1. Restricting to region 320-378, count the residues that are under 25 Å from I302 (Cα atoms) and surrounded by 14 or more Cβ atoms within 10 Å (Cβ to Cβ).
2. Does region 199-213 contain at least one residue that is on the phi < 0 side of the Ramachandran plot, without any contact (Cβ under 8 Å) to a residue 60 or more places away in the chain and either within 16 Å of the ligand (Cβ to nearest atom) or in a helix (DSSP H, G or I) (or both)?
3. How many residues are in contact (Cβ under 8 Å) with a residue 24 or more places away in the chain, out of contact with any Phe, Trp or Tyr (no Cβ under 6 Å at 6 or more places or on another chain) and within 14 Å of the ligand (Cβ to nearest atom) when one looks only at region 316-341?
4. Residues I302, I308, I272: which one is assigned to a loop (DSSP other than H, G, I, E, B) and in contact with a Leu (Cβ under 8 Å, 6 or more places away or on another chain)?
5. Pick from region 342-359 the residues that are within 16 Å of A101 (Cβ to Cβ) and outside any helix (DSSP H, G or I): which of them is nearest to the ligand (Cβ to nearest atom)?
6. Here are H196, H188: which of them is crowded, with 24+ Cβ neighbours inside 10 Å and either touching a Pro at 6+ places or on another chain (Cβ under 8 Å) or at pLDDT below 95 (or both)?
7. Can you say whether L120 is within 14 Å of the ligand (Cβ to nearest atom) and not in a loop (DSSP other than H, G, I, E, B), as far as the supplied structure shows?
Amino acid sequence: MNDARPDVPLLFTPLKLRSIVARNRIVSSPMCQYASDDGGPGEWQLVNFGRFAMGGCGIVFGEESAVEARGRKTHHCAGIYRDSHIAAYRRITDFIKSLGAVPAIQLGHCGRRASQHGPLKDRATLTAADARDNLHPWQGIAPSPLPPTPGGAIPREMDLQDIRDTIAAWRDAALRAVDAGYDICEIHGAHGYLIHQFLSPVSNRRTDGYGGSVEARMRYALEVVDAVRAVWPQDRPLFFRTSAVEGAGGVWGIEETLALARALKAHGVDVIDCSSGGVGGDGPMPAVPRVPGFQAGYAREIRREIGIPTVAVGMITAASHAEAILREGNADLIALARGLMDNPNWPLHAARELGYPDPLELVHAREAQRLRLLEQHSREYPPGSAVAIPFGPAEQVGYSWTAGIAGDRDRR
Ligand SMILES: Cc1cc2nc3c(=O)[nH]c(=O)nc-3n(C[C@H](O)[C@H](O)[C@H](O)COP(=O)(O)O)c2cc1C
């Protein structure tokens with residue numbers, strides 16, 4: 001199943017992970033929508049994530065879905081912290097599966113990055129004044145009482161009961177994700193959210209068994225993985241998103257990530273999704289430049305050193321670039337976020353560009369039939385073809401479609 005065929009681009013070679021088969025290696029990367037009311041998804045998510053399945057992606061992630069209400073960044077973040085959320089997610093997974101893609105959920109907890117406005121308001125911290133708009137501020141929790149940014153809100157330091165409670169919340173959310181029909185579960189361990197806050201010495205100053213050495217800082221992440229893996233079906237893959245290196249002023253780098261990836265693999269994680277950034281202070285880490293494929297090198301190191309499948313993500317927009325990353329053995333899957341937002345049919349166009357034998361098999365038969373006609377018409381009469389257009393029955397024009405389609409059969 002994972003063997004490459006010379007006539008099929010690697011990007012379009014199916015990938016089997018445990019019992020789940022993705023029809024190709026294109027992943028729509030997790031994308032927060034800030035469009036939920038009390039956690040649940042609605043029409044926006046159905047259409048937004050549905051369009052990536054319609055466009056031909058192999059794996060379709062939703063958005064970071066909080067495992068607890070207080071683990072949301074904003075009042076409008078998605079969550080899966082109540083059983084009543086399950087039916088709305090099920091509607092989305094059923095639709096994604098009906099289009100031949102694999103539905104995937106990313107579970108998350110923002111920890112100290114709670115109680116904010118969304119990106120359209122520059123993620124400003126909620127204040128008492130926002131309560132007038134029903135946007136009541138709340139206190140985030142974190143391994144240590146340190147604000148996410150200088151001058152930001154101070155989170156409450158988690159005690160051992162908080163640690164136990166949040167781990168139970170990750171487990172319960174994973175159980176709901178099973179009921180909601182997801183085939184892949186990803187644990188969000190990146191971008192400066194709760195798990196990353198435990199991993200980084202910038203945000204974790206604990207002196208108990210969850211802080212200090214890198215092993216102790218990894219303990220929360222591994223306990224979350226154990227709790228989720230215990231209830232996530234054995235035949236379904238578990239992904240973990242990591243910030244392979246921290247942002248500007250961070251400390252955590254690739255050596256720590258390799259140690260983490262080794263442990264994650266031993267604890268039953270199947271795939272490492274390789275991102276970066278999210279925690280920074282006055283450490284020596286420089287900013288990671290946002291150039292094409294800027295995180296693919298992390299995916300390569302983790303894949304080669306640890307022998308675990310990886311996802312490359314970040315400014316991958318050209319099909320030939322995605323194919324080269326796979327061919328060079330740097331990753332097993334290619335994720336896109338903004339590139340798919342720009343063009344939800346990116347997989348179809350990539351298939352054409354890379355010479356996949358039948359690109360239109362990626363889209364629904366209803367669309368494929370019409371797009372075949374579009375292809376045929378475009379081939380026979382490319383732009384600039386000099387063909388007279390009749391304005392009435394008296395005019396005869398020298399024109400024919402080789403397939404002999406005439407009248408209004410094709411206009412319906
Ligand atoms: C609108 C938007 C929302 C995002 N939300 C999430 C998220 O919920 N979880 C996550 O891990 N990354 C999130 N990301 C990061 C993307 O998954 C991806 O890693 C990043 O955008 C780089 O890929 P790109 O260059 O193809 O956009 C988001 C990105 C965008 C553009």
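1. Matching residues across region 320-378 total 15.
2. no
3. Matching residues across region 316-341 total 14.
4. On inspection, the qualifying residue turns out to be I308.
5. Per the criteria, the residue is P344.
6. Answer to the selection: H188.
7. yes
Listed here are the residues, each with its yes/no results for (1) surrounded by 15 or more Cβ atoms within 10 Å (Cβ to Cβ); (2) at pLDDT below 95; (3) closer than 20 Å to H191 by Cβ.
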residue	(1), (2), (3)
R113	yes, no, yes
H117	yes, no, yes
L126	yes, no, yes
P137	yes, no, no
T149	no, yes, yes
L160	no, no, no
T166	yes, no, yes
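The values are calculated or read from the model by the stated rules, or taken from the named source; none is laboratory data. If you're wondering where the values come from, they're calculated on a predicted model, not measured in any experiment. We place every Cβ from the backbone using ideal geometry, glycine too, and count neighbours over all the protein chains shown.
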